[in-house]
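Report on the following structure.
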Amino acid sequence: MSTHGRPARDEHGRPARDEHGRPARDEHGRQAGVGQGRPGGGGGRRTARVERALRAAPAYALPEVLAATLSREYPAVSAARLLVCDYHSRALMPVAPLLATPHPDSLALTVPDAEVAAAEEAAEEGVEAIGIRQSPAGRAFITGRVLASPEGDGDEAAETATYIPVRARGERIGVLELTSSGPWSADEVGELAEIGELVGSALKVAWNRTDRYERARRRHRLTLAAELQWQLLPGHAHADDSFSLAGHLEPAYSIGGDNFDWSVEHDHLALTVTNGSGTGINAALLTSLTVGALRNARRSGADLGEQASLANDMVHVRHGGREFTETLVMRIDLADGTVHVIDAGSPRILLLRGAEVTAVPLEQQMPLGMFPDTEYRPQRFPLEPGDRLVIVSDGVFAARAPSGEYGTHALEQATRRSRLQPAAEVPLTVIDELIEFHEGADLADDAVVVCFDWHRPSGGSSPDPRGEAVRGGSAI
């Protein structure tokens, strides 16, 4: 067991002291046992100092401030690199270094001459995409656990690469990669996991205040329509003790009209899934209008039927019935799992209970914007703890390839095969099978997949174990 961060002790187990009764110190004047030149104090103090540094850091300089702080708190760390998930969710993209780096004793940015050339050379070489399915960093990203892999050929002096998942409230953002001169103790692994959560929260705050992280996650240029659609999302995922939610849009870099939206309250989750009409920028603008109208009605206190009616009227006023959106408008009560839903179009819901997959039968009502003054009536169905909902647009179940239509049967099989995966992985699994159905070709239509896992009533006692990987314990 490592003794890093623990004071040296005498033969009676008491903290060691010198001949004057003061805490014993080593030849460098440090308190004996603190180890690796770390500042005194427990792990809680170290993580608190990291949190303070992140809060004070400029939004654009989080990676540099984080690296400087970690090297100060954990002198065994020789390098730190932030990786963010790309839009396809299939690769981790390094955040390119700034030419200016934080001074180790302050948050001021300086430009060390020796590092400018290295940073410029790295920028010229291009960005290295790290496959999520083919790398230790990707495994940390998927499992939500801190992973370490020694580098070198068995030499005791070999460095250790450590991969820390970076998440915020269940949303997977990326991975923090550390290079250190030795292994970590169990206590330190717990600290690193907490630091990963702190970095995730800091990134969520900083993300919209700089373009640096958006630029980093793009393997290709987004179309203008895709730019609008991705910016509409409140987030790609969310998880807490009572439920997990995740969704994905495809084709990620050129999505047009499909989208999903959600909002969490103390007693319910509001969720909408929209199958947009048309293609390109016109589809994106129509979906933006629909999502904005639904949000405006919801935030004004309207009930589910009123939300759909008001959004319908706004779309009809703008397009006169020529354009419309097919939308599922949902409210899930977290106290008892009751789902209230309006099926205004084509998105479909599959229910996975145990190993059985069934389509949820709903009364189809008019798409939003087709006719003025339309009244919408919510339907209800119950969930049981452990149930999963998979919601898809017609770009999934009605997708066509030379071999035929993808269809409900294939979708049910994909849902059943992914039943042991956490919610965050399910949309990607369904999309991967859809792309395989298209024989690797780009999708001909927009597709959205949303997965909702209900673990237990809010305030209940035992979570569904499927959600553990989403919420992310940490082990090494």
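Values quoted throughout were computed directly from the atomic coordinates according to the rules given, and no laboratory measurement underlies them. All figures in this text were calculated on a predicted structure; none of them were measured in a lab. Positions of Cβ are backbone-derived with ideal geometry, glycine not excepted, and every protein chain shown enters the neighbour counts.
Rounded to the nearest Hz, the phi-derived 3J(HN,Hα) couplings of the stretch 261-270 under the Karplus curve 6.51 cos²θ - 1.76 cosθ + 1.60 (θ = phi - 60°) are 9, 8, 8, 9, 10, 5, 10, 7, 10, 8, where x marks glycine and proline. The gain in end-to-end length when the Arg416 to Ala96 segment is fully stretched comes to 111.2 nm, 0.36 nm per residue minus the alpha carbon separation. Applying the criteria of a DSSP loop state and at most 16 other Cβ atoms within 10 Å to the trypsin sites (Lys or Arg not before Pro) of the stretch 183-284 yields Arg218, Arg219, Arg221. Within the shell of other residues whose beta carbon sits under 12 angstrom from the beta carbon of Gly190, the net charge comes to -3, with Lys and Arg scored +1 and Asp and Glu -1. Gyration tensor over the Cα atoms of the stretch 358-414: the corresponding equivalent ellipsoid has semi-axes (square roots of 5 times the eigenvalues, largest first) of 26, 21, 8 Å. Taking packing as the residue-averaged number of other Cβ atoms within 10 angstrom, the listed peptides 379-389, 328-338 run from highest to lowest as 328-338, 379-389.
Taking amide H atoms as placed 1.01 Å from N in the peptide plane, the amide H of Asp387 lies under 5 Å from those of Trp454, each 5 or more residues away in sequence or on another chain.
Peptide packing: for 232-242, 165-175, 190-200, the average count of neighbouring Cβ atoms within 10 Å per residue gives the ranking 165-175, 190-200, 232-242, highest mean first. Between Asn282 and Ser78, the C-beta separation translates, for a Förster distance of 60 Å, into a calculated FRET efficiency of about 0.70.
Tell me, in nm to one decimal, what length is gained between Val205 and Tyr60 on full extension, where the rule is 0.36 nm per residue of separation less the Cα-Cα distance?
51.1 nm
The distance linking the stretch 368-438 with the stretch 49-97 is 36 Å (Cα centroid to Cα centroid, whole angstrom).
Dividing the convex hull volume of the alpha-carbon atoms in the stretch 192-310 by its residue count gives 135 Å³ per residue. Computed from phi, the 3J(HN,Hα) profile of the stretch 397-409 under the Karplus parametrisation 6.51, -1.76, 1.60 (θ = phi - 60°) reads 6, 9, 4, 10, 9, x, 7, x, 9, 4, x, 5, 4 Hz, with x in place of Gly and Pro. Each peptide among 264-271, 398-405, 342-349 gets the average number of other Cβ atoms lying within 10 Å of its residues, and from highest to lowest they stand as 342-349, 264-271, 398-405. Straightening the chain between Arg45 and Arg219 buys 58.8 nm, computed as 0.36 nm per residue apart minus the Cα-Cα spacing.
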